[in-house]
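What follows is a short report on a single structure.
The values are calculated or read from the model by the stated rules, or taken from the named source; none is laboratory data. Predicted model only: the values in this text are computed from it and were never measured. Cβ sites come from the backbone with ideal geometry, for glycine too, and all protein chains shown count toward neighbours. Areas reflect the complete protein model, heavy atoms only, side chains present, ligands, DNA and RNA absent. Shrake-Rupley method; radii C 1.70, N 1.55, O 1.52, S 1.80 Å.
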Protein chains: 2
Amino acid sequence: MLEQFNKAFESRIRLQIMSVLAANESYDFSSLKDLLEVTDGNLASHLKALEKEEYISVNKSFIGRKPNTRYEATQRGLEAFKKHLESLEKLIKQQK
Amino acid sequence: MLEQFNKAFESRIRLQIMSVLAANESYDFSSLKDLLEVTDGNLASHLKALEKEEYISVNKSFIGRKPNTRYEATQRGLEAFKKHLESLEKLIKQQK
């Protein structure tokens, strides 16, 4: 059972973050928050963990005087996420 | 994004426990431990959490003088696990 499950993705919120960032060039914090229906703190802690693993990168800029923080999946993140999904898929197939 | 992800299954080890118990009538502690390659304490904590949710049931008996603890998935556990896998499958399909 040595599939490549990745502890970094062991949460619904992280799975959804990576899935959104895999499907989009980048995504800003508040749009992610609304989409995933999570609190600021909860989202921030998951994003920080993914950033620490270098699975996502952060781009801080200003729109006018308003700070805008955008997130992107890194190549490393997309590859790790793909492997994780493949392991999940294998486990799901075993149930059929 | 209101799939039915279930926090109780948010770990590789719990996914594998449920997958083994879904495929077998019952499984004893030490065989689970070897199969999943986890420590006693780690496995025990995940099993306790699943038991608390009534997703698995525990059967303590003796073989000769040796204690034998067997685990089984409950109907409730199998249904919740099935929904969780369906949510994962939906998320995976979105990536394709």
Within the stretch A:28-90, trypsin sites (Lys or Arg not before Pro) in DSSP loop having at most 15 other beta-carbon neighbours inside 10 Å = A:ARG65
Which distances, in nm and shortest first, link the B:GLN94 label point to the same label point in every other copy, taking 7 Å along Cα→Cβ?
-> 2.5
About the Cα centre of the protein assembly as shown, what is the dipole size in debye to 20, counting +1 per Lys and Arg Cβ and -1 per Asp and Glu Cβ, all else neutral?
-> 120
Roughly speaking, what is the centre-to-centre gap between the stretch B:6-34 and the stretch B:60-96 when only Cα atoms are used, to the nearest Å?
-> 5
Which of the lysines could a cross-linker bridge to A:LYS90, judged by Cα under 28 Å and excluding same-chain residues fewer than eight apart?
-> A:LYS7, A:LYS52, A:LYS82, B:LYS7, B:LYS33, B:LYS48, B:LYS52, B:LYS82, B:LYS83, B:LYS90, B:LYS93, B:LYS96
Could you name the aspartates and glutamates in cross-link range of A:LYS60, using Cα to Cα under 18 Å and dropping any fewer than eight places away on the same chain?
-> A:GLU25, A:ASP28, A:ASP40, A:GLU51, A:GLU72
Measuring from a point 7 Å out along Cα→Cβ, what nm distances, shortest first, does B:ARG76 have to its partners in the other copies?
-> 4.3
Loop only per DSSP, at most 14 neighbouring Cβ atoms within 10 Å: give me the GluC sites (Glu not before Pro) in the stretch B:1-86, ordered by residue number.
-> B:GLU25, B:GLU37, B:GLU54
To the nearest 10 degrees, the tilt of helix A:75-95 (Cα long axis) against the first principal axis of the alpha carbons of chain A is 40
For chain A, find the longest principal axis of its Cα atoms and tell me its angle to the long axis of helix A:40-52, 0 to 90°, nearest 10.
-> 70
With only helices counted (DSSP H, runs n ≥ 4, each -39500 (n - 2.57)), the per-residue ellipticity at 222 nm for chain B, to the nearest 500, works out to -17500 deg cm²/dmol
Along the charge dipole of the protein assembly as shown, which of A:SER31, B:HIS84, A:LEU91 sits closest to the positive end, that is, farthest toward it, with unit charges on the beta carbon of Lys, Arg, Asp and Glu (+1, +1, -1, -1)?
-> A:SER31
Shortest first and in nm with one decimal, please list how far the B:GLY64 label point sits from its counterparts in the other copies (point 7 Å along Cα→Cβ).
-> 8.0
Leaving out ligands, DNA and RNA, what percent of the accessible area of the protein assembly as shown is carbon and sulfur, probe 1.4 Å?
-> 49
